[in-house]
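Everything below concerns the one structure shown next.
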Amino acid sequence: MVGRLMPETASLQALLTDRIFIGLTIASAVILALVIGLILVFSIRFRRGSKANRHPLPEIVSREFEIGWTAATIFLFVFVFWWAASAEIGAYSVPPDAIEIHVVAKQWMWKTQASNGAREINELHVPVNKPVKLIMTSQDVIHSFFVPAFRLKRDVLPDQQTEAWFQATKTGTFHLLCTEYCGTDHARMLGRVIVMEPEAYASWLSAQPEGDDLAHQGERLFSERGCAGCHAPGSAVHAPNLAGIWERPVHLEGGHFATADAAYIRDSILQPKRDVVAGYAPVMPSYAGLLDDGEIQAITAYIRALGSEPVSVREPGTPQVRSNVPGGVRERSPAMVPGAPVLDENEAGGSR
Amino acid sequence: MSTTASPTGLADPDELDLRLPVSYLADGHSVRSWLLTTDHKRIAILYAVTITLFFFIGGAAATLVRLELATPEADLLRADTYNKLFTLHGVVMVWFFLIPSIPNTLGNFLVPLMIGARDVAFPKLNLISWYLNVGGGSLAVAALLLGGVDTGWTFYVPYSTVFSNTWVSLTVLGVFTTGFSSIATGVNFIATIHLLRAPGMTWFRLPLFVWAMYTTSLMFVLATPVLAVTLLLVFAERTFGLPIFDPARGGDPILFQHLFWFYSHPAVYIMVLPAMGVVSELITCFARRKVFGYSFMVYALVAIAVIGFFTWGHHMFTSGMSPYAALVFSFLSFVVAVPSAIKVFNWTGTLYRGQVGFESPMLYALGFVGLFTLGGLTGLFLASIPVDVHVQDTYFVVAHFHYIMVGASVSAYFGGLHFWWPKITGRTYPETWARFAAILMFFGFNLTFFPQFIAGYLGMPRRYHAYPPEFQIWNVLSSAGAAVLAVAYLMPLGYLTWSLLFGERATNNPWDASGLEWRTTSPPPRQNFFGSPRIQGGPYNYHPEGVAPVHDQPRLPSRGSLT
Amino acid sequence: MSRADVEACLREGHPDIEARMREPWSDLETDHATAFARQRDGAAFGIWVFLASEVLFFGALFLTYTAARLANQEAFAAAGRETNIVFGTLNTAILLTSSLTMAVASQAADKGLFRRLTLWCLAATAVFGLAFLVVKGFEYREDIEKHLVPGAHFALSQAPAQIFFGFYWLVTVVHAIHLSIGIALVTRLAVMGWRDVDFLKENPQVEVTALYWHLVDVVWIFLYPMLYLPGRSG
Amino acid sequence: MSEEAESKSTETPGALWRRNLWVWAALMLLLALSTWAAYWPYGRIDTAVGFGIAGAKTALVALVFMQLKHASGLVRVVAACGLFWAAILFALTLADVLSRMANR
């Protein structure tokens, strides 16, 4: 079995990265050839006792050479920095129409959940040519979400959220690897990213077992865990109304503002006394330890679903409870076992 | 170095040390005379013995790791065993072999000799430093015997503080202890080089090896305490439950990484700066030329030592660090590559119009330049954020840092060991064997680590005991190379031991080298010199200023008549 | 230090200067006075390099604190209110005073003229150091009674307050260890100086110990606003 | 070490005390000020004042008690190096920590 020399290129970022990589490789090869070539030529030509000319160097040569190659390396390195940095800056901003996928990592598996509630373990189905945004958190130690074919890697931290995005350009099945050492079965923390044509993706999605979407789960949790007791309109407790606050500035005690984004909501749930909304008493207890990361994500999705325009809030009530356990998913995907057969693409469409 | 002194001051380079005062080796034969010595040369030997031991412990772990990786399945070792082995390999090799390797053996032996001093500034502190190193190493080995550690040498939180149930605390304590050994060595060298230079030994007459030890010592003193604190925090969190980094209570694991890499990135320079110093000595001696651009070489060393402190963030581009900070760190990482490039060009330039010989130390030195260049160039890949994001924590990184820390530093260590072996032991070694080992090491090394660049770019993560099968070809190549490399590392152990017992007596200056350390007997007496050296010229006086080096020139200055 | 003094001593036939020379300084190719002065400079320089190292050691600790405090300001304010400012201020005053006596001891030994003053100041320094530890002990007892040890029974509700107290315990214990080493060194100097009339005179060990002692004091100067002052106004 | 110190080699214990006592008095004053300032109702300004005073106290101890004022250039460089490297550690780490906090 002869290996390939370059990994598969299956995302927009992969193209950019490869371009820089190849450019750097060529530059390095030239420099390396220059250095090794000079060493060989000098060593042989000026080997001990050879008849080569050894007149002393003119004094000026040494200084000008030093300055010359110092300047040349500085120029080269600054150029590479500029090239790499501009590629990186372009990759910072997530396209607004990106599909959002939540990823929760734990020893030693990946749990992913699309915004419509489709849950997977160690697998991730995405459509081709659509930007996908990953919102990730870990339940235990630091992991790292790595898809070599996408040149995508981002650490997944406990009790913090990290984000990354990609846009796949090829259909197929690609490795999902954990690259931050996370304990015994670190090497077994493998998964697959399955990139599908949009139609196939849509049909795969519809074939998924009926699951709560995140916002509905969040709505249920909102009342089950007692959030609604205070935050619902008409509650006896004086607590801020959460409808329409998503991504809008919130006026805090002490005169500053915060944006009601995922991080803010998470902080408000776990450390409610830290940023108190102006005009309210710091009476909310912390939910640290009472809500896990997945549940916080669900509640965040619910608050998000309440919109970013001030609207009248829906009547709180227990929504219909549906099963959210996807049937038939094996605990670990076959990709975990080295050498296991990889599902065909067409099979992947409806295998579940 | 041209020197003059009282007529008895300098030993005749060709004279054996038969009738001269007793050498430092013969100055007492009891165990006590070794374990309680304050002689910098004996302490260097003590270090050499312990780091050799640690080198083979770490090497054994690496061998098992490479054996396991020959196949994609986990068939030799269990996951936990593998994790403990690579951790052991990392911890032992970094802190108990590489960091003390050149500074504490060659550095301890040579710095006072090269500057014309009797000893280091604080001889007792020097001995304490060895005991701290051995104490720390014993704790780490004890942790190994008790069951091992599985956190990786990086001890990332919260895995190391909350989740690992192996002997983390003991290991951390061992590394913490050896950190103070580094600090003691650093303080000692800095004070020695500042205060004990012989008359006439100005800063710009210092051999580059001494400059390298000086800059390394700066890093010892300024970086190591941060590691000590970081590990202390891990220790406190594990042992006493003081939650400094605990994310569940609002702590920040990324902060740990900042502190860790504030030490551990400069630590790479702690390993490679001494190697640069050694190689500068070797190349000048075997090219019979003054070093090309001495002052630029000095500035480059200082620049690396200072800028090296600004670049640690490139280990953290994927960690969730702020993207703005990442850009700053990326830029600074490119900047630190400039002085390294200057050094490579200057070594190459030194060969030009020289009288190049290919004795074994020179083979190691030339190998160093090639491996260091490749290692340094791949560093540029890691400084470019998009590429780094892809190769971070893959075998690309593993290959890169092995090129620098093993390819370059260990080559230089072996080169220096061979070069100064006659001075240290007073014996010669079999040159043919030595050349063969040097060449074997170079090819074995490249065979081991070059395939890892490819595996890494293909996406093989590090710290995997089982891996997807498409990476197997590269791992098989790498494991085959490791076997060659193991043989190449064992060979010097064999023939150098032979040389100790049966080697011919060495002359005082077998290489016709110009440094002050060659102006005393081999091995030197306890007092280092007979009389007091006075320095009247710059280093690397292999040919008079403005005159081309000729084949048999070097004999002249070494007699001390040419000034 | 002052070379003239040493030379004066030599002229008076001072016997012990040779006895005080250490390797490798004793082999320097100069007269004894210069060599001794360089040995003293070397000791002071060495301890300064070590102190620079210690600055980084405590700097890293302080950085941990700073980063954690920036991220959890309210919890740190709440936690800071729980420390005992009376003990803290008292201890700061004690330590600052000990620095005064240490400085006087060091300068007096430098001159080599006031042996009794040096001895008394050294003894006072050691006593102040011990007093600090005693006060600290009372404070620790109170902290434990108030359940300010991070863990299951921690007194404060905000989780990051545990980081504050994690830092509090760690850094005060590390400081106390440094201080204990200092007390041991000072006591040793005092005992040796009491036994041997000439021991303290111009002995570089006094200056080295003093510099170390002052650094331990400086560390506490920063710990005071870090541990005792946050959240007092709220 | 320096000429100034030599010229004072004939001074009395009283002069020695006087030279150091004013520093001690200043330190005590600063301590009192810092304790008092902590109770001012200005939030962050209190913190800044607290650490500013700590810096001032450190300067007094370092310059007078540790005799940095009379120390050789070399020793001053060493002391400055300690501070400079600590500044690197703080500046670059806080650059990340603060910009992450601002982005949250």
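FYI, it's all coordinate maths here, none of it is from the lab. Keep in mind that what you see is a predicted model, and the values were worked out from it rather than measured. Positions of Cβ are backbone-derived with ideal geometry, glycine not excepted, and every protein chain shown enters the neighbour counts.
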Subject >> Summed residue charge, Cβ within 9 Å of residue B:316's Cβ, Lys/Arg positive, Asp/Glu negative >> reply: -2
Subject >> Two-site FRET efficiency, residue A:9 against residue D:32, from Cβ-Cβ distance with R₀ of 41 Å, rounded to 0.05 >> reply: 0.05
Original post:
residue D:74 label point, 7 Å along Cα→Cβ, cut-off 12 Å on backbone N: hits in the stretch C:28-44?
Top reply: C:37-44
Original post:
Local charge sum around residue B:358 (other residues, Cβ-Cβ under 12 Å, Lys/Arg +1, Asp/Glu -1)?
Top reply: +1
Original post:
At residue D:39 and residue A:53, where each label point lies 7 Å from the Cα along Cα→Cβ, what is the point-to-point distance in nanometres?
Top reply: 8.8 nm
Original post:
Per Stokes-Einstein, at 20 °C and 1.002 mPa s, what whole-number D in µm² s⁻¹ belongs to the protein assembly as shown, with the Kirkwood radius over Cα pairs as the hydrodynamic radius?
Top reply: 65 µm²/s
Original post:
In Å and whole numbers, how far do the C-alpha atoms of the stretch B:113-180 stretch along each principal axis, longest first?
Top reply: 52, 22, 15
**OP:** Counting other beta carbons within 10 Å of each Cβ, put B:211, B:167, C:120 in order, fewest first.
**Re:** C:120, B:167, B:211
Original post:
What FRET efficiency do you get for residue B:536 and residue B:436 if R0 is 51 Å and r is their Cβ-Cβ distance, rounded to the nearest 0.05?
Top reply: 0.80
Subject >> In Hz, Karplus ³J(HN,Hα) per residue of the stretch B:38-53 (6.51, -1.76, 1.60; θ = phi - 60°; x = Gly, Pro) >> reply: 10, 6, 4, 6, 5, 4, 4, 5, 4, 4, 4, 5, 5, 6, 4, 4
**OP:** For residue B:356, list long-range residues whose amide hydrogen, built 1.01 Å from N in the peptide plane, is under 5 Å from its own amide hydrogen.
**Re:** A:47, A:48
Original post:
Longest exposed-loop-site-free stretch of chain B, with GluC sites (Glu not before Pro), DSSP loop and at most 15 other Cβ within 10 Å?
Top reply: B:74-503
Subject >> Near-label residues of the stretch A:260-279 by backbone N, under 16 Å of a point 7 Å along Cα→Cβ of residue A:248 >> reply: A:260-262, A:265, A:277-278
**OP:** In whole Å, largest first, what are the principal axis extents of the Cα atoms in the stretch C:50-227?
**Re:** 59, 31, 21
**OP:** Return the loop-located GluC sites (Glu not before Pro) in the stretch A:167-230 (DSSP other than H, G, I, E, B) with at most 13 other Cβ atoms within 10 Å of their own Cβ; answer none if there are none.
**Re:** A:210
Original post:
Could you give the nm distance between label points at residue C:90 and residue A:72, where each point is 7 Å from its Cα heading toward the beta carbon?
Top reply: 7.2 nm
Subject >> Which of C:121, B:285 has the fewest Cβ neighbours within 10 Å, and the rest in rising order >> reply: B:285, C:121
Subject >> chain B: calculated mean residue ellipticity at 222 nm from DSSP helix runs of at least 4, using -39500 (n - 2.57) >> reply: -20500 deg cm²/dmol
Original post:
Lys/Arg Cβ at +1, Asp/Glu Cβ at -1, dipole of chain D taken about the Cα centre: which of D:31, D:78, D:68 is farthest positive-ward?
Top reply: D:31
Subject >> Using a Förster distance of 45 Å, the FRET efficiency for residue C:147-residue B:53 (Cβ separation, nearest 0.05) >> reply: 0.40
Subject >> the stretch B:253-327 - Rg over Rh from alpha carbon coordinates, Kirkwood radius >> reply: 1.16
**OP:** Count the net charge of all other residues whose Cβ sits under 9 Å from the Cβ of residue C:148, scoring Lys and Arg as +1 and Asp and Glu as -1.
**Re:** -3
Original post:
Where in chain C are the DSSP H helices whose C-alpha atoms run 30 Å or more along the long axis and whose mean Kyte hydropathy is at least -1.0?
Top reply: C:32-71, C:85-111, C:115-145, C:160-195, C:204-227
Subject >> Helix-derived mean residue ellipticity, 222 nm - over chain C, DSSP H n ≥ 4, -39500 (n - 2.57), to 500 >> reply: -27000 deg cm²/dmol
Original post:
Out of residues 5 or more away from residue A:259 or on other chains, whose amide H comes under 5 Å of its own, with H placed 1.01 Å from N in the peptide plane?
Top reply: A:250
**OP:** May I ask for the Kirkwood hydrodynamic radius of chain B, worked out over all distinct Cα pairs and given in angstroms to one decimal?
**Re:** 24.1 Å
Subject >> Whole-angstrom gap from the stretch C:70-131 to the stretch C:183-234, using each part's C-alpha centre >> reply: 7 Å
**OP:** Measure nothing but the geometry: give the 0 to 90° angle between the long axis through the Cα atoms of D:13-37 and the longest principal axis through the Cα atoms of chain D, rounded to 10°.
**Re:** 20 degrees
Original post:
How big is the charge dipole of the protein assembly as shown about its Cα centre, in debye rounded to the nearest 20, if each Lys and Arg gets +1 on its Cβ and each Asp and Glu gets -1 on its Cβ?
Top reply: 2380 debye
Subject >> Two-decimal ratio, the stretch A:26-117, of alpha-carbon radius of gyration to 2.2 N^0.38 Å >> reply: 2.15
**OP:** For the stretch B:373-500, just the Cα set please: Rg and Dmax, both in angstrom.
**Re:** 17.1, 53
Original post:
Taking the Cα centre of chain C as the origin and placing charges on Cβ (Lys, Arg +1; Asp, Glu -1), which of C:147, C:42, C:32 is farthest toward the positive end of the dipole?
Top reply: C:147
Subject >> Charge dipole (debye, nearest 20) of the stretch A:214-305; +1 at Cβ of Lys and Arg, -1 at Cβ of Asp and Glu >> reply: 160 debye
Original post:
If each residue's Cβ is checked for other Cβ atoms within 10 Å, how do B:173, B:501 rank with the fewest at the top?
Top reply: B:501, B:173
Original post:
Along the charge dipole of the protein assembly as shown, which of A:32, A:110, B:362 sits closest to the positive end, that is, farthest toward it, with unit charges on the beta carbon of Lys, Arg, Asp and Glu (+1, +1, -1, -1)?
Top reply: B:362
**OP:** Enumerate the amide H contacts of residue A:192 below 5 Å, restricted to partners 5 or more residues apart or on another chain; note that Pro and chain-start residues carry no placed amide H.
**Re:** A:123, A:124, A:176
**OP:** Quickly work out the residue B:302-to-residue A:116 label distance, labels modelled 7 Å from Cα along the C-beta direction, and quote it in nm with one decimal.
**Re:** 6.6 nm
Original post:
What is the dipole size for the stretch B:217-327, taken about its Cα centre, with +1 at each Lys and Arg Cβ and -1 at each Asp and Glu Cβ, in debye to the nearest 20?
Top reply: 440 debye
Subject >> Vicinal HN-Hα couplings computed from phi for the stretch B:89-98 (Karplus, 6.51 cos²θ - 1.76 cosθ + 1.60; Hz; Gly/Pro x) >> reply: 4, x, 4, 5, 5, 5, 8, 10, 10, 5
